[in-house]
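As structure tokens, the structure follows; a few thoughts come after it.
Values quoted throughout were computed directly from the atomic coordinates according to the rules given, and no laboratory measurement underlies them. Predicted, not measured: the structure shown is a model, and the values here were computed from it. Neighbour counts run over all protein chains shown; Cβ positions are idealised from the backbone, glycine included.
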Amino acid sequence: MQIFAIVASLALTLAALFVLVPAVRSMLRVIRMGGPASPGRTDDPGARTVTMLKETVLHTRMLQWTWVGIMHWFVFAAFLFLSTAVVGAYFQLFDPEWAWPIVGHWYPFEWFSEFIGALSTVGIVWLIVYRQKHHPRSEGRRSRFFGSTFWQAYFVEFLALLEGAAILFIRGAEFHLADPAHATRAHFPLSSWLGEALYPAGQGTNENLVYFIAFFKIALAMVWLIVIGRNLTMGIAWHRFTAWFNIWFKREASGRTALGAVKPLTVGGKAITLDDIDDLDEDTTLGVGAIEDFSWKGLLDFTTCTECGRCQSQCPAWHTEKPLSPKLLMKGLREHTYLKAAGLAGHTERALIGKPDAGEGSYNPEGGDFVIDADALWSCTTCGACVEQCPVDIEHVDHIVDMRRYQVLIESNFPAELNQLFKSLENRGNPWNMAPNARMDWAKGLPFEVKEVGKDLESLESVDWLFWVGCAGAYEDRAKKTTRAVAELLHMAGVSFGVLGNRETCTGDSARRAGNEFVFQGLAQENIETFKEFKVKKVVATCAHCFNTLKNEYKAFGIELEVVHHTQLLNRLVREGRLTPVAPAAGANQRSITYHDPCYLGRHNQVYSPPRELLQVVPGASYVEMERNSERSFCCGAGGARMWMEESIGERINMNRTTEAVDTGADQIVVGCPFCRVMLSDGVSALQAKADAREEVEVLDVAQMLLASVKGGPATEPEKAPAAAPTPAAAPTAPAAAASTEPAASGAAGASLFAQPPAEPAAPTAPGGSLFDEPTTEPATASAPGGSLFDEAPAEPPAKPTSGGSLFDEPTTKPATPATSGGSLFDEASAEPPTPAASGGSLFDEPTTEPATATAPGGSLFDEAPAEPPAKPTSGGSLFDEPTTEPATATAPGSSLFDEAPAEPPAKPTSGGSLFDEPTTEPAAPATPGSSLLDEAPAEPPAKPVSGGSLFDETPAERAPSGGSLFDEPTTEPTSTPTASGGSLFDIPADEAPAPATTGTPEPTAEATAKPAASGSLFDVEEEPAAPAAPEESEPVAATSGRSLFDIPGATPAAPAPPAEPVEEPVSQPGPQAEAAPEAEPEQHEAPEKPKGLFDL
């Protein structure tokens, strides 16, 4: 037996060396195909060595999955020990009683040997069961092992099982061969029991057993080496050797993962900047367009991939049925690398990126002409989940961005949506293509002055912080509220700050992640010059993407900044006692909140605690975590320039994440990034439209919640008063109790925690609106009586309104007088008659007098307006931007005309907006039907509206019912009939019919019953009652870019209005003067005149 064991062992050893040595040389040759790596891969060797030992010996990254990491460590330790055991087996072939000198009979060594053998056996059995439990045959593509090479995995698991068992078997035989003084359970704590049960006591027999087991150990090791030598792409085996080097050469010597800053664009290992462009040859490759364009570290990454699937299990693209899998990407690149290096036909000329035909796979398809599907490349959100999870430090995101760079800079082959992004960034310095001079619009109406550098400040040295507003914070309506909230909190805490205003430009994050490196560098250089000019040192940012770029990427271009996220600074201010959240009022309802980790705040910068600490000090709120949180948080879908691209494959990433957040039962989903807020707000609106989410669910920024708490706002709104039953007259058009047929001061879906959903859908989005305006597929949620959830609540809940009317309804002695030409429904009746617009004036001319200030829910029309109401934020550069006046807001149902209005009336929150938002003055929606401010009890319900009504349509004879367009122009004369239920919000009876005053040249006055002129106000409302309308089911109307700003859908989905004739200059034609007319018969109507242009009504 001894001779056979020696001969067979030596033969296998020679065979293994014959296969392995050329394999290693071939592998090194393939890795050397790559170009030079980015600078710094060998700096600080001491720190790199420590990092390597921590991640390998201590398994610090493997232990992110606790039990998998523990069991893998047992197998890993047994493999290391077996390496020494195989060497010892060669000696045992000649001397069965051989032991290692010094430590061979040392108690700790013997105990470690036996327990690691036992634990390794337990560990590999556990891992085998785990793989089968999560096999793709039961979990499909949800399995992290989907796409792995299973025969390789089974081979490795089988040998690992034998490795651990062999240790115990050979130790059991040694127990019988040892001298009596040594053959005790103190030296053989486990194997002694096994030896007594399995082996006979004969000396010769046990020696033969030692020879056989020694041969068996050697044979296992040699077979292992032969198999992996013949399969250079067998990462599940080769990682045992290559992982050490891959970790040592990782990008950051400190041990940090390859996140934060993106790998710089390099040519020949040298970072390239805009200054180097003129020195580049025409054939210079920018980015990665072929496998040889990767650095040697990239090829080492591909070689090392273990196919464990941790990256795949966390990838948002893969989880939403897109073709991108980080594991399959590495696997496909590895296969192509080694096949191309071997000169295999069909791989030498393959393009790196291509589009598959029907039925082809996305990675190295059989007979295909590409390696990676273009859809896989552009599906990446650069969230960093793959890099965070990889136990061997593969740098997936850097490789993806490098491939994108080649597609953009060399091939000009990228998704069409990115073309507008690049143009907007180059021409306007922001992705919204908005005018730079609108960057300070967010600050309008704040109760303090925001200091702007170059105007109020000579440099930033005189203040504590530069407040980096960012493009979203300056232009996107929802993000503006976060910006205002942060500014107010800093002001309250006594923190001095300044802003760059119009000198600020985009940081370039989206351009860089999309592969357009030179657009990014141009924006970065512009900002850096501004920073140096105004001596910027400390920056606070609300956008996680801006925060990451300023903190991690600008240092490569010559500036070091102290950059903090607003949640970090606010948390510091709360801990220092400079901001103090106020406990909610007694009886306030408890609300639940959950937090979504932005990828570029969490994984890329390891900021997890400050936002959570802030939320935990907000009174009256209970915190609940989503299942996927912190390091394993799921992306919102906006990163990697995906914010600007449409998702046409699989489930939307934001819907996946929003569903998880809604399933926690939280009332508020809190974020720390404007991109996340947009994506999750859209998701909430979509779920609410399908009734898959409660109406009270909303998306907020941490700063908004803190501001409401610091201001002493209630944690929750008091319980709502019971809804009034509809009157019989109102029942046909309002079947639900107290449900308005038009939203009263409505917000977007999820805007108010206690609001009732209206029966009518919200108005469509205006053309030219914000990129982030949500399509209103769900009816807007009406604000509850008493205002927004976080407005200051009144001392007492509003009294329950009487059926269909206001608590303060009074009978009118005279009918409301129709407005004269140029008048408005918003004009308040007064002793002085109103002054009509001059003949021929524009419909949108600004009045010479200020309109009444919008009242808060529960406020009064007669409250004193603030001195300077905040300006309405613009929405994408519309014709109607920057109005100087705002219409008056109707009193909410059940509220008093004589309630004292708050100092700043709460504005209608935007889609997905916050109940914590500090309002900017916006026109409020009309009150619910049957609750007109001073109307009498309804006589008859209103009639059905004209389908497809528009701002500029004239209504036919039938009177528009509640839910029709407020702005349809009537063609019949008003009568003295009292206003019916569901009449206009703005029908306010006057004591006397006011005679129109003249402006400019004298005009003849019109009688109170005069027919409105053709050029009259858009808001003239007919007073004549009509027959009741049958109730119709309300359906949401999707917002389209071609609709009018003021289109308000009626009871049925409105057909799109025909496009108005283009007008070079918006100037109305002079209209005829109003003339007295005889009283009209109730059923006689005049045919409407077809509008000739945008302003010809």
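Structure values in brief
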{"item": "In Hz, Karplus ³J(HN,Hα) per residue of the stretch 191-196 (6.51, -1.76, 1.60; θ = phi - 60°; x = Gly, Pro)", "result": "5, 4, 5, 5, x, 5"}
{"item": "Charged-residue dipole, Cβ positions (Lys, Arg, Asp, Glu), the stretch 63-150 about Cα centre, Debye nearest 20", "result": "900"}
{"item": "Order of THR184, THR664 - criterion: other Cβ atoms within 10 Å of each residue's Cβ, fewest first", "result": "THR184, THR664"}
{"item": "Given LYS444/LYS480; LYS263/LYS423; LYS263/LYS297; LYS270/LYS555; LYS535/LYS555; LYS451/LYS535, the pairs whose alpha carbons are separated by over 19 Å", "result": "LYS263/LYS423"}
{"item": "Per-peptide average of other Cβ atoms within 10 Å, ordering 2-12, 471-481, 498-508, 145-155 highest first", "result": "471-481, 498-508, 145-155, 2-12"}
{"item": "SER38, SER609 arranged by Cβ crowding within 10 Å, fewest neighbours leading", "result": "SER609, SER38"}
{"item": "Charged-residue dipole, Cβ positions (Lys, Arg, Asp, Glu), the stretch 291-385 about Cα centre, Debye nearest 20", "result": "380"}
{"item": "Dimensions in Å of the stretch 510-569 - Rg and Dmax from alpha carbons", "result": "11.5, 32"}
{"item": "Whole-angstrom Cα spans of the stretch 242-363 along principal axes, big to small", "result": "44, 38, 31"}
{"item": "Sites ALA691 and LEU63, calculated FRET efficiency, Cβ-Cβ separation with R0 60 Å, nearest 0.05", "result": "0.90"}
{"item": "Exposure proxy order (Cβ contacts within 10 Å, fewest to most) of MET403, MET27, MET440", "result": "MET440, MET27, MET403"}
{"item": "Estimated FRET transfer efficiency (ARG230, PHE557; beta-carbon r; R0 51 Å; 0.05)", "result": "0.60"}
{"item": "Net lengthening on full extension, SER630/GLU449 (0.36 nm per residue, minus Cα-Cα)", "result": "61.4 nm"}
{"item": "Placed amide H near VAL582: partners under 5 Å, 5+ positions off or other chain", "result": "VAL710, GLY712"}
{"item": "Karplus-derived HN-Hα couplings along the stretch 103-115 (A = 6.51, B = -1.76, C = 1.60, θ = phi - 60°), whole Hz, x at Gly and Pro", "result": "9, x, 10, 7, 3, x, 5, 5, 5, 4, 4, 6, 6"}
